[in-house]
């Protein structure tokens with residue numbers, strides 16, 4: 001593609017597009033390699049969602065209204081966040097108080113039942 005752009009359009013444009021392509025490939029590889037190294041963590045008071053190279057989302061356990069299995073496709077909206085690369089996210093988290101505009105979070109995890117049990121176990125004592 002670089003050669004086609006170089007001769008059909010402009011050498012400068014070809015170099016810029018090739019540079020942007022290389023940067024996006026580096027980002028893609030970094031995202032892919034970061035996925036297993038940045039797990040979702042549950043502490044006594046917070047759920048920390050680390051997904052790829054982006055900044056983690058830290059949720060107070062007391063702000064989680066419900067966590068449940070999910071099996072439908074999610075359309076992107078301003079008041080929700082989807083942490084899933086391929087397929088359908090399998091967990092839905094609803095928040096008591098919106099975090100900015102954020103009201104729901106959808107996750108795609110390997111073992112959704114285990115995460116639901118852990119978070120539900122942490123949420124229950126805080127609601128009593």
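No value in this document is a laboratory result; all are computed from the given coordinates. The structure displayed is predicted, hence computed values, not measured ones. Quick reminder, even Gly has a Cβ in these numbers, built from the backbone with ideal geometry, and neighbours come from all protein chains shown.
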Say R0 is 25 Å: what FRET efficiency, to the nearest 0.05, do residue 71 and residue 34 get from their beta-carbon distance? 0.40
Arranged from highest to lowest average of other beta-carbon atoms within 10 Å per residue, in what order do the peptides 51-57, 19-25, 4-10 appear? 51-57, 4-10, 19-25
What value does the range 76-128 have for Rg/Rh, both radii from Cα atoms and Rh as Kirkwood defines it? 1.01
Output for the chain (equivalent-ellipsoid semi-axes, sqrt of 5λ from the C-alpha gyration tensor, Å, descending) is 39, 15, 13
What angle do you read, to the nearest 10 degrees and between 0 and 90, between the alpha-carbon axis of helix 11-34 and the longest principal axis of the chain? 30 degrees
If you bin the C-alpha pair distances of the range 31-85 every 10 Å from 0, what whole percents do you get? 19, 47, 33, 1
What's the ranking of 101-110, 76-85, 32-41 by average number of surrounding C-beta atoms within 10 Å, highest first? 101-110, 76-85, 32-41
